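> The structure's right below; bear with me while I get my questions together.
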Amino acid sequence: MWKEVRAREEGALPPNSFASRIRSRRTSSLELSQRKEIVSPHHGAVNSLQVDLIEGRYLLSGASDASAAAFDVQHATDREGNGLIAKHKSLFVVDKQLEFGHKYAISSVLWYPVDTGLFVTGSLDHHVKVWDTNSVQVVMDFKMPGKVYGMAMSAIATTHMLIAAGSEDVQVRLCDIASGAFTHTLSGHRDGVMSLEWSASSEWILMTGGCDGAIRFWDIRRAGCFLVLDQSRSQLGRRPPLSTNTVNKGLTSRMASSGQYSAKGLVSQRKSSLGNTMKQLPSLRKGHFLSKGSTVQRLHPGMTSGQNRATAHYGAVTGLKATGDGMYLISSGSDSRLRLWDIESGCNTLVNFEAMRLQTSKGMKLAVNDDSSLVFTPCMATVKAYDLWSGTVKKTFHGHYESVNCCHFSSLDQELYTGSNDRQILVWSTPFSAAFEEQDREKVCSTDQDNWSD
Amino acid sequence: MESEETMTQEREIEAEGVVARLIEMATDSTDQEVDPRLLKAIKSAARSSDNEVRDAVRALMNQMKKPHSQVRYLAVLIIDLLFMRSKLFRTLLVVNFDQFLSLSIGFRRNLPLPPPSTVASTLRSKSIELLEKWNASFGIHYRQLRLGFDYLKNTLKFHFPNRLENAARLQQERREREIRSKQILLKKFQNFKESYSLIKDKIQSTIDEIGECIEILHAKGDDEFVSYIATDDDELEESRPLALQQIRLDALKEGQKVYESSENMAIFDVLRELLRLLISKHFPLVQKWMSVLVRVDVTDKFRDTALKEFIDLRNHILSAKEKCAELGCVFVDGPVQNDDEKDLWEDGKIEIDGPGESSGPNSEAKDSVNTVTSNNDKAPALHANKSSDTRFLNLPPEKRKLLSIAPVVEWGPFLDNWGLNRDAPANQRGLELESHWGRVDSDAVIPAEKIAELSVHRTVYKEQPVEIQPCNAPLKKGGLCQRRDLKACPFHGPIVPRDTEGNPIEQIPSSVESKNQPSASGVIDTDQDLDLDKLTVERLFKQAVKNVRESDIMKKTSKRAKLARVREHNEAVLRDAAIASTSYSQAFGEREEAVEDNRMGRKTKKPTLNSMLRKKITAKDRISKRLLSARATDASIHQLMQGEDLKYREAFPNQW
């Protein structure tokens, strides 16, 4: 580490790569945090976790006992055991006792992306509620047609503040906080919608995964969905590093550059692991456009894909997560599969994620680290970190005693938060912490030592 | 090829480490504890290097995965040992702690603990206890420990023994009790402070009074001295000539004392009263306050002085008491002893009291009583002596001889007229049977023969109690067979004398010898010949039987050996055919075999783990097997059908 600091000082190492190296090192050494503990006030399974996007300081959790709580993950409220254990108690809890609280389990929680003054909860009691954080009061209430399974807000939206909510109902509704009404009703799924994700590159693109196994892409400026992901339509490896492909999407320059950067690293990998490259890709893509064009019925041009019955998974799509650069989408299904999709082409990249067993009954929250090299997946009572491009298991996190429902990776601290059916919220962090002083080390050594005396 | 394989095998074993092997050995036992020697060996081996600790973790987790609770139990015990000692062990074990817990506590419903169930329950309780212990001592450093403990306690609501808290609570209670008692003491002390001077004065005055009394008595007693001596001597010489010397000495001593008489009776009474007050009331009071003063936790000048004064007071009291005792005024012990004496009299036990014990003046009466009691004592003793020891002494020698050989007959009515040969009156009691209907003959006589007939002595034949020796054959599970059979044990054949180990002692030669010895000394030739003949025949017969048996055994063993050889060959061929490919598998197979051999060898000695798993076949099982066997059910169904058929035919005889 000091060598790198020196290199950075000398200017041999650009600041970006210095930061990313440190980050990746910290990420790769994640383990159950011995000193940081979140005291879960929940009496039921923790279904959803999110750290706010502005400060990266407040963790919001929603549990199946209809309670939601917020924690300060940077400043401990309590210390225990000679100050070795930092306990983070909830700053506030909203639960059934509250007058306007949810009645049934909260399935997902969201921070308002631009401010921690608001947060949103969606529950199985058919309601999506918007709360004022400071007064802990409901400020807005959307009645949904069925149990709410998942919600999403766009982190990059500048022109709208829509909550996309997926429910038992086949229609995805977009709730507008500004007006307090549904602005869109997106129909196309043939079953409830479990997971939703806004595109990280375009504020109008919404991706939804339904219980019918379909992943649909919606452009909220137009009617109908414009793309249905098909697991049988595949491309080998990652997208070719051609800038022409990314032009029409209007990616920001930063993302493009990062894409190119990562693609460079992949060339060698592709050669070794995947063998033949994408010779067939152009033809495939052509076929794709053909199929899109040749519809049997004469429908509204936007509604043509409504007829498309392609599936992304056998069974329900339980989780969706877009990578940070907005180019790839990871989906998990009740067929215990993880799939990596190229958002631009809509193709299955055929990355074989190693054997896993996923929870099938609930939606789950995947997490991706900040340079999109790892995807954290809840696999029953463990969390596995897969390498995104090779699909190998990098690390398995043991700690929960029952099925894990959600993980959230905080890119600011390189910490992973996981919530599980055993009511715990665990913090996974790197053991090498700057806050860990010599003094503490001495304290530890005094009681935790080899003792072979007899 | 062969050598290479052995090499790899060796290397593997080498790599596996000593600890792994030790652990395997230690967990392969049916005991409730790990063999302490093995435990020590494991400890020292694990201590030697970090690699060994890693091996130990791996080996222990492998043992924990075995589907046998006993193995897991022992593994948990070893884990506890290492867990409390090695930091590396802790960090390694804690990584997969949920797995460990599910294997040791079996909290997952789909992964219950394996049989045998009794061991499984002890395993569970032990692991829970250990988890609590670990959490208490290392929970701070290992989040996984805390998590596991918390999950079991708060989510699954497992009941933890709560050792630590209990101990703390007990300590707390004890502390509280101590504080309370201290407070009480302090209060007493305060009370005492207030009443101190009063008490002291009172006691002091009593003591002074006693002193005065004694002084008065002594002043008076000097002139009565001589006369008492005379009287005493006379009396004693008259009544007890035997213990003269001793008593005289006593009397001389006593003579110097002052005795109560009509003149100084009043003083004595006062003295006695005062003494009673002093001993029964003041002395305990002083003792109590002293103990309070000693125990109370106050560093106070007053306390020290008070304590000093009280000690003085106590000494005064004791000296006063002694003085009184010299005067013959033993008041404290008096009433108690009197009570004792009363009890003794009531019980009818007569004891000779020492003359010096009671107060002097009525020693005359006492002595007379003593003589009486001694007489009374002597009479029954003499009687007893006569009846027991010297019973035959005064009898003529021939009679004595006869008596010694006479049979012992049980008591009965026939003993009344033993050896008499005379008629007896029928109505010997003189009853008047007036209202009797028949003729009453008051002079009726039962003839002697009839009486003899009536009083024929009958006894029930009682077999001599013979102790049936236990079979004593060694049992497989250890110990000796305790069955008592007359001739043959159904399990172990004929009963033969055996030594303490249960091995039969060859008795024939010794018996033969013992039989031969008298014959050698030469008593009767023919008898001896006959005996010898019989013996030789017997021996020959036995030899023959033995020979036959031996040949049988030989045959069996040879057959078995042959079979074993065949099996071995088969196995070798099979192995070669199946796993000739890799040296690893070869080694694996052989190691397995070695383990198997080891097990086989051990099976003869002690119960194995497998035997724990095997279900014991109870009588119920056997009966159910009988009843539920296909044949039995068929038969019963057939019978029932027949019965029904018969009924039907009877009911409707005109139908087919």
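> Could you say whether any residue in the range B:124-137 is within 14 Å of chain A (Cβ to nearest Cβ), surrounded by 20 or more Cβ atoms within 10 Å (Cβ to Cβ) and touching a residue at least 40 places away in the same chain (Cβ under 8 Å)?
Yes, because at least one residue in the range B:124-137 is within 14 Å of chain A (Cβ to nearest Cβ), surrounded by 20 or more Cβ atoms within 10 Å (Cβ to Cβ) and touching a residue at least 40 places away in the same chain (Cβ under 8 Å).
> With respect to B:LYS43, determine if the residue is in contact with a helix residue (DSSP H, G or I) (Cβ under 9 Å, 6 or more places away or on another chain), in contact (Cβ under 8 Å) with a residue 12 or more places away in the chain and either over 20 Å from B:THR608 (Cβ atoms) or facing chain A (nearest Cβ under 10 Å) (or both).
Working: in contact with a helix residue (DSSP H, G or I) (Cβ under 9 Å, 6 or more places away or on another chain): yes; in contact (Cβ under 8 Å) with a residue 12 or more places away in the chain: yes; either over 20 Å from B:THR608 (Cβ atoms) or facing chain A (nearest Cβ under 10 Å) (or both): yes.
So B:LYS43 fits the description; yes.
> To continue, here is another question. Cβ-Cβ under 7 Å, sequence separation 6+ or interchain: first residue in the range A:19-41 and more than 14 Å from chain B (Cβ to nearest Cβ), partner aliphatic (A, V, I, L, M) and surrounded by 22 or more Cβ atoms within 10 Å (Cβ to Cβ). Which pairs?
As it stands, the answer is A:THR27/A:LEU374, since those pairs meet every condition given.
> So the check is Cβ under 9 Å with 6+ separation or different chains; which pairs have a first residue in the range B:471-484 that's under 26 Å from B:LEU609 (Cβ atoms) and a second one that's part of a loop (DSSP other than H, G, I, E, B) and aliphatic (A, V, I, L, M)?
B:LEU480/B:ALA473; B:CYS481/B:ALA473; B:CYS481/B:LEU475
> What is the number of the single condition among (1) modelled with pLDDT of 75 or more; (2) surrounded by 10 or more Cβ atoms within 10 Å (Cβ to Cβ); (3) outside any loop (DSSP other than H, G, I, E, B) that B:ILE468 does not meet?
(3)
> Scan the range B:93-113 residue by residue and report those that are within 13 Å of chain A (Cβ to nearest Cβ), buried (at least 20 other Cβ atoms within 10 Å of the Cβ) and among the hydrophobic types (A, V, I, L, M, F, W, C).
Correct list: B:LEU93, B:VAL94, B:PHE97, B:PHE100, B:LEU101, B:ILE105, B:PHE107.
> From the list B:LYS187, B:LYS153, which residue is of a type outside the set (Asp, Glu) and either within 14 Å of chain A (Cβ to nearest Cβ) or exposed (fewer than 11 other Cβ atoms within 10 Å of the Cβ) (or both)? First the steps, then the outcome.
Details: B:LYS187 fails: either within 14 Å of chain A (Cβ to nearest Cβ) or exposed (fewer than 11 other Cβ atoms within 10 Å of the Cβ) (or both).
Only one candidate qualifies: B:LYS153.
> Provide a single number: the residues in the range A:374-414 that are touching a helix residue (DSSP H, G or I) at 6+ places or on another chain (Cβ under 7 Å) and either of a type in the set (Phe, Trp, Tyr) or surrounded by 20 or more Cβ atoms within 10 Å (Cβ to Cβ) (or both).
Of the residues in that region, 6 qualify.
> Now, a different point. Taking only the range A:321-337 into account, find how many residues are under 18 Å from A:MET380 (Cα atoms) and small (Gly, Ala, Ser).
Looking only at that region, the number is 5.
> Among the residues of the range A:432-454, write down those that are at pLDDT 60 or above and either within 21 Å of A:ASP65 (Cα to Cα) or within 11 Å of chain B (Cβ to nearest Cβ) (or both).
A:SER446, A:THR447, A:ASP448, A:GLN449, A:ASP450, A:ASN451, A:TRP452, A:SER453
> Can you tell me how many residues within the range B:114-123 are of a type outside the set (S, T, N, Q) and either farther than 27 Å from A:MET380 by Cβ or within 12 Å of another protein chain (Cβ to nearest Cβ) (or both)?
2
> Let me ask you something else. B:PHE160 passes all but one of (1) in contact with a Leu (Cβ under 9 Å, 6 or more places away or on another chain); (2) away from chain A (no Cβ under 14 Å); (3) part of a helix (DSSP H, G or I); which number fails?
Among (1) in contact with a Leu (Cβ under 9 Å, 6 or more places away or on another chain); (2) away from chain A (no Cβ under 14 Å); (3) part of a helix (DSSP H, G or I), the lone unmet condition for B:PHE160 is (3).
> Within the range A:42-75, count every residue that is within 14 Å of another protein chain (Cβ to nearest Cβ) and surrounded by 21 or more Cβ atoms within 10 Å (Cβ to Cβ). Outline the logic, then answer.
Restricting attention to the range A:42-75, the residues satisfying the condition of being within 14 Å of another protein chain (Cβ to nearest Cβ) are A:42-46, A:63-65.
Add one more test, that the residue is surrounded by 21 or more Cβ atoms within 10 Å (Cβ to Cβ), and what stays is A:42, A:45-46, A:63-64.
Counting residues in the range A:42-75 that are within 14 Å of another protein chain (Cβ to nearest Cβ) and surrounded by 21 or more Cβ atoms within 10 Å (Cβ to Cβ) gives 5.
> If I go through the range A:380-416 residue by residue, how many of them are aromatic (Phe, Trp, Tyr) and within 14 Å of another protein chain (Cβ to nearest Cβ)? Quick ask: steps written out before the conclusion?
Going residue by residue through the range A:380-416, those that are aromatic (Phe, Trp, Tyr) are A:386, A:389, A:397, A:401, A:409.
Subsequent filtering for residues that are within 14 Å of another protein chain (Cβ to nearest Cβ) retains A:397, A:401.
Qualifying residue count, the range A:380-416: 2.
> Restricting to the range B:21-49, name every residue that is more than 37 Å from the chain's Cα centre (by Cα), in a helix (DSSP H, G or I) and of a type in the set (Ser, Thr, Tyr).
Residues satisfying the conditions are B:SER44, B:SER48.
> Right, next: Which residues, taken from the range A:170-191, are buried (at least 21 other Cβ atoms within 10 Å of the Cβ) and not in a strand (DSSP E or B)?
A:GLY188, A:HIS189
> Tally time: how many residues in the range B:152-204 are touching a residue at least 40 places away in the same chain (Cβ under 8 Å) and closer than 30 Å to A:GLN424 by Cα?
We begin by selecting, within the range B:152-204, every residue touching a residue at least 40 places away in the same chain (Cβ under 8 Å); these are B:152, B:156, B:158, B:182, B:185-186, B:188-189, B:192-193, B:196, B:199-200, B:202-204.
Cutting the leftovers down to closer than 30 Å to A:GLN424 by Cα gives us B:152, B:156, B:158.
Residues that pass the stated criteria total 3.
> Name, by its number, the condition in (1) within 14 Å of chain B (Cβ to nearest Cβ); (2) modelled with pLDDT of 90 or more that does not hold for A:LEU84.
(2)
For (1) crowded, with 21+ Cβ neighbours inside 10 Å; (2) assigned to a loop (DSSP other than H, G, I, E, B); (3) within 13 Å of another protein chain (Cβ to nearest Cβ), each residue gets a yes or a no:
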{"site": "B:PRO67", "(1), (2), (3)": "no, yes, no"}
{"site": "B:ARG72", "(1), (2), (3)": "yes, no, no"}
{"site": "B:GLN172", "(1), (2), (3)": "no, no, no"}
{"site": "B:GLU178", "(1), (2), (3)": "no, no, no"}
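> Now, a different point. Restricting to the range B:81-126, name every residue that is of a type outside the set (A, V, I, L, M, F, W, C), over 19 Å from B:TYR151 (Cβ atoms) and in a helix (DSSP H, G or I). Steps first, answer last, please.
First pass over the range B:81-126, keeping only residues of a type outside the set (A, V, I, L, M, F, W, C): B:85-87, B:90-91, B:96, B:98-99, B:102, B:104, B:106, B:108-110, B:112, B:114-118, B:121-122, B:124-126.
Checking which are over 19 Å from B:TYR151 (Cβ atoms) leaves us with B:85-87, B:91, B:114-118, B:121-122.
Those that are of a type outside the set (A, V, I, L, M, F, W, C), over 19 Å from B:TYR151 (Cβ atoms) and in a helix (DSSP H, G or I): B:LYS87, B:THR91, B:SER117, B:THR118, B:SER121, B:THR122.
> Which residues, counting only those in the range B:140-157, are touching a Lys or Arg at 6+ places or on another chain (Cβ under 7 Å) and either more than 22 Å from B:LEU93 (Cβ to Cβ) or assigned to a helix (DSSP H, G or I) (or both)?
Initially, the range B:140-157 is screened for residues touching a Lys or Arg at 6+ places or on another chain (Cβ under 7 Å), giving B:142, B:155.
Hit for the range B:140-157 is B:THR155, nothing else.
> Filter the range A:123-145 for residues that are under 16 Å from A:GLU168 (Cα atoms) and in contact with a Gly (Cβ under 7 Å, 6 or more places away or on another chain); which is surrounded by the most Cβ atoms within 10 Å (Cβ to Cβ)? Spell out how you get there, then give the answer.
Restricting attention to the range A:123-145, the residues satisfying the condition of being under 16 Å from A:GLU168 (Cα atoms) are A:123-128, A:142-145.
Remaining after also requiring in contact with a Gly (Cβ under 7 Å, 6 or more places away or on another chain): A:126, A:128.
On the way: A:HIS126: 19, A:VAL128: 23.
Taking the candidates together, the pick is A:VAL128.
> Could you tell me which residue of the range A:78-92 is surrounded by the fewest Cβ atoms within 10 Å (Cβ to Cβ), considering only residues that are of a type in the set (A, V, I, L, M) and touching a residue at least 40 places away in the same chain (Cβ under 8 Å)? Please lay out each step first, then the result.
Taking the range A:78-92 as the starting set, the residues that turn out to be of a type in the set (A, V, I, L, M) are A:84-86, A:91.
So of that shortlist, the ones also touching a residue at least 40 places away in the same chain (Cβ under 8 Å) come out as A:84-86.
Details: A:LEU84: 17, A:ILE85: 20, A:ALA86: 20.
Top of the filtered list is A:LEU84.
The values are calculated or read from the model by the stated rules, or taken from the named source; none is laboratory data. Predicted model, so just to flag it, every value in this text is computed and none were measured. Quick reminder, even Gly has a Cβ in these numbers, built from the backbone with ideal geometry, and neighbours come from all protein chains shown.
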